[in-house]
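Following: one structure in structure tokens, then a few remarks.
Every read-out reported here was derived from the displayed coordinates using simple, explicitly stated rules and does not represent laboratory data. Keep in mind that this is a model prediction, so the values were computed, not measured. Note that each Cβ is placed from the backbone with ideal geometry, even for glycine, and that neighbours are counted across all protein chains shown.
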Amino acid sequence: MSRSERLLDLVQILRRHRRPVSGHVLAGELGVSLRTLYRDIATLQAQGASIEGEAGVGYILKPGFLLPPLMFSEDEIEALVLGSRWVSKRADPRLALAAGNALAKIAAVLPADLREDLDSSALLVGTSSTETPGVDLALVRAAIRRERKLSFAYTDAAGAASKRTVWPFALGFFERVRMLVAWCETRQDFRHFRTERISDLVVTETRYPRRRQVLLKEWKIAEGISHPTMLP
């Protein structure tokens with residue numbers, strides 16, 4: 001492993017830990033000596049990484065650190081390009097624009113040869129076979145981030161209409177449908193709502209009483225989901 005790859009791995013390990021992690025643990029994960037670890041931490045700090053801590057106490061990376069120009073593998077570049085292209089074709093307009101902007105920012109810090117690989121990726125995403133009209137997903141995503149209740153009219157597969165107030169905490173993107181995952185106050189249980197069947201959407205200013213991370217965890221347990229990005 002090159003030193004640049006090791007520094008990148010160290011940043012990713014620190015990002016995984018939300019509490020201070022000891023030098024012994026970090027050195028063990030990287031497979032290096034403590035002396036090498038301390039030298040790598042000093043290098044990252046000199047490059048602008050806000051790493052706090054000290055030997056014997058532990059280290060933590062404060063949010064906001066921008067990676068310097070480091071190497072990506074060919075597989076990592078193709079994953080970035082494919083993911084960005086999929087979002088550009090399948091997500092709402094604001095998220096599609098954000099995907100393009102994010103890829104442009106990554107390209108700006110890549111060495112020239114890797115930037116060329118980014119531009120010439122042969123992995124393509126076809127157009128969607130069906131349109132998925134419905135509510136503005138940007139509003140739904142904002143409500144999820146802010147933990148705000150949603151109020152809307154919903155028509156189920158049988159054509160029955162109802163009014164719902166829900167606590168939204170996840171949004172699933174499938175090939176032909178978009179699925180809102182929420183706690184429904186009417187049913188007092190987790191429910192899945194196809195977004196094209198939602199109308200009269202209102203994002204309220206009422207914060208729902210539980211954290212979305214807790215709701216997401218409980219929903220995954222209820223659905224028997226083990227993978228962090230899976231949907232049933």
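Note on the chain: GNM, Cα springs under 10 Å; of 106, 221, 198, the largest mean-square fluctuation is that of 221. Look at the Cα gyration tensor of segment 1-64: its axes a ≥ b ≥ c give a/c under 1.5, and that counts as rounded.
Note down the net charge around residue 151, summing +1 for each Lys or Arg and -1 for each Asp or Glu among other residues with Cβ under 12 Å from its Cβ.
Once all neighbours under 12 Å are counted, the net charge is +1.
With respect to the chain, whose longest principal axis is taken over its alpha-carbon atoms, helix 3-16 is tilted by about 40°.
Kirkwood analysis of segment 131-178, using all unique Cα-Cα pairs, places the hydrodynamic radius at 12.0 Å. Would you mind checking the tilt of helix 34-46 against the longest principal axis of the Cα atoms of the chain, expressed as 0 to 90 degrees and rounded to 10? Long axis of 34-46 versus the principal axis of the chain: about 70 degrees.
What is the log10 of I(q)/I(0) for segment 135-221, computed with the Debye formula using one identical point scatterer on each Cα and no solvent, at q = 0.11, 0.12, 0.18, 0.26 Å⁻¹? Rounded to two decimals, the profile gives -0.26, -0.31, -0.72, -1.53. Please give the helix 93-108 orientation as an angle from the longest Cα principal axis of the chain, in degrees from 0 to 90, rounded to the nearest 10. For helix 93-108, the angle is close to 10 degrees.
Using DSSP to call loops (not H, G, I, E or B), can you name the trypsin sites (Lys or Arg not before Pro) in segment 5-66 whose Cβ has at most 13 other Cβ atoms within 10 angstrom?
The qualifying sites are 18.
I want to make sure I understand the PRE zone here: with the label point 7 angstrom from the Cα of residue 62 toward its beta carbon, which residues in segment 16-36 have backbone N atoms less than 20 Å away? From segment 16-36, the list is 16-23.
With the Kirkwood sum run over all distinct C-alpha pairs, the chain has a hydrodynamic radius of 20.9 Å.
Of 149/217; 62/220; 62/105, which pairs sit farther than 24 Å apart, going by alpha carbon to alpha carbon? Intermediate values should be presented prior to the final figure.
Working: 149/217 18 Å; 62/220 29 Å; 62/105 21 Å.
Checking Cα-Cα distances, 62/220 exceed 24 Å.
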